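We did not get these values from a lab; they are worked out from the coordinates using the rules stated. In this text the structure is predicted, and so the values were computed from the model without any measurement.
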Amino acid sequence: MIKFIRYYSLEIYSVILILFLLIAAIMGNLSFVQKAALIYTVLFLLHEWEEMKYPEALQN
């Protein structure tokens, strides 16, 4: 199980973020702090995709 989580950690984090964004869309009325936290999380996820996926593709 730990091996699975380590290998697919980025994909698992992406699914969790998508669920958070869907919940936020359903709630609708978010405070500034909640919106800032969601934006920060999206930016963090984009950074992780860039750091973990693109160098592997360039090494081929």
The chain, helix-only ellipticity at 222 nm - DSSP H runs n ≥ 4, -39,500 (n - 2.57), divided by all residues, nearest 500: -27000 deg cm²/dmol
Listed candidates (i) 1.31; (ii) 1.09; (iii) 0.92 - label of the one calculated as Rg/Rh (Cα atoms, Kirkwood Rh): (ii)
